[in-house]
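Visitor: Starting off with a structure, shown below.
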Amino acid sequence: MIIFNSNVLKFGGFWLGFGSSPTPPPTPTIYHITVPTVQHGTVSVNPTEGPTGTLVTISTVPDTGYELDTISLTGAELINGNQFYIVDSDVTVNVTYKIIEVDPFNTATIGGLKWSSENISINDGGSGIRAINVTANGVNFGTQYFYNLEAAQRIANSVDGWHLPTIDEWRSLYSNTSDALGKANAFKSVSGWNNNGNGTNALGFNVIPAGWATMPPAGSPSDSMHFMVGEHGQFWSSTLSSSGAQAITFNTSDTVLWESDEYRNTFMTIRLVKDHN
């Protein structure tokens with residue numbers, strides 16, 4: 001039996017087409033993903049190619065001591081931090097890594113600034129540095145380093161990314177402490193201070209009563225340092241106050257932050273502030 005319609009003929013149980021036929025769907029364009037060579041780590045993408053609408057995931061593995069810095073794309077928009085959709089274009093994935101910064105000191109972040117929370121103990125072999133084992137009121141604080149102003153500035157300049165605090169930074173540190181914390185007591189160590197002047201160290205800044213020292217002229221008998229422990233924690237500043245002070249003192253008898261006069265032949269402890277937080 002033969003059956004006709006407008007486009008096909010059925011003959012013996014088989015349909016035979018004639019005239020126009022259905023148009024097959026177009027082959028989708030495949031776009032490719034390029035990952036330039038990176039330093040300090042590896043990068044991979046999955047998949048590495050595909051048509052428009054393909055979701056691609058970027059995987060990053062930094063080398064030891066490095067961390068992911070940036071991911072940027074040419075030809076697509078980043079989503080979810082490490083993915084993108086292919087949209088009518090080849091894509092280039094650019095990745096950078098950065099070194100992990102390791103703070104060389106124990107630190108305390110107060111008022112938006114990161115401070116060293118221990119007295120600096122660096123000896124570069126230059127002049128103006130004295131190392132003294134400090135014991136105050138039965139508490140041994142170990143070897144503490146005292147610097148004259150020139151040495152304090154030199155040592156601070158040798159520590160990349162850190163600096164000797166300015167007077168304004170010292171004032172900011174103090175002003176960011178609430179009265180409820182006891183002002184200077186919140187900075188002071190919990191032991192070693194004279195006359196029950198111990199602090200609470202509520203801020204983790206841990207000012208110890210290492211005092212300050214003066215050095216007699218070289219060649220004097222025993223060339224010994226004269227200094228008061230248990231009574232003060234005194235630190236150099238990098239700038240002068242309006243009254244000419246260039247040192248900050250935490251006192252045992254009250255909770256006042258004193259600005260002390262500059263004594264270039266005086267040896268004091270130092271703290272540093274991080275350049276960028």
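Visitor: If you go through the range 75-110, how many residues are touching a residue at least 60 places away in the same chain (Cβ under 8 Å) and surrounded by 15 or more Cβ atoms within 10 Å (Cβ to Cβ)? Outline the logic, then answer.
Guide: Within the range 75-110, the first condition is being touching a residue at least 60 places away in the same chain (Cβ under 8 Å), and the residues that meet it are 91, 93, 95, 101, 103, 105, 107-110.
The next check asks that each one be surrounded by 15 or more Cβ atoms within 10 Å (Cβ to Cβ); those that pass are 91, 93, 95, 105, 107-108, 110.
The number of residues fulfilling the criteria is 7.
Visitor: Where residues in the range 39-76 are part of a loop (DSSP other than H, G, I, E, B) and farther than 20 Å from ASP88 by Cβ, which of them is nearest to the chain's Cα centre (by Cα)?
Guide: Start the filter on the range 39-76 by keeping residues that are part of a loop (DSSP other than H, G, I, E, B), which leaves 39-40, 47-48, 51-54, 63-65, 75-76.
Among the residues that remain, those that are also farther than 20 Å from ASP88 by Cβ are: 39-40, 63-65.
Numbers: GLN39: 22, HIS40: 19, ASP63: 19, THR64: 17, GLY65: 14 Å.
Here the residue is GLY65.
Visitor: Which condition breaks for GLY199 when tested against (1) surrounded by fewer than 22 Cβ atoms within 10 Å (Cβ to Cβ); (2) modelled with pLDDT of 85 or more?
Guide: (1)
Visitor: Any chance the range 138-150 includes a residue that's on the phi < 0 side of the Ramachandran plot and assigned to a helix (DSSP H, G or I)? Step through it out loud before you land on a result.
Guide: Within the range 138-150, the subset on the phi < 0 side of the Ramachandran plot is 139-141, 143-150.
So of that shortlist, the ones also assigned to a helix (DSSP H, G or I) come out as 149-150.
Yes: the range 138-150 contains one or more residues that are on the phi < 0 side of the Ramachandran plot and assigned to a helix (DSSP H, G or I).
Visitor: Of the residues that make up the range 172-192, is at least one at pLDDT 90 or above, among the aromatic types (Phe, Trp, Tyr) and outside any loop (DSSP other than H, G, I, E, B)?
Guide: no
Visitor: Yes or no: the range 210-229 includes at least one residue that is at pLDDT 65 or above, assigned to a strand (DSSP E or B), among the β-branched types (Val, Ile, Thr) and out of contact with any Gly (no Cβ under 6 Å at 6 or more places or on another chain).
Guide: Yes: the range 210-229 contains one or more residues that are at pLDDT 65 or above, assigned to a strand (DSSP E or B), among the β-branched types (Val, Ile, Thr) and out of contact with any Gly (no Cβ under 6 Å at 6 or more places or on another chain).
The values are calculated or read from the model by the stated rules, or taken from the named source; none is laboratory data. As the structure is a prediction and not an experimental result, all values here were calculated from the model. Every residue, glycine among them, receives a Cβ derived from its backbone with ideal geometry; neighbour counts consider all protein chains shown.
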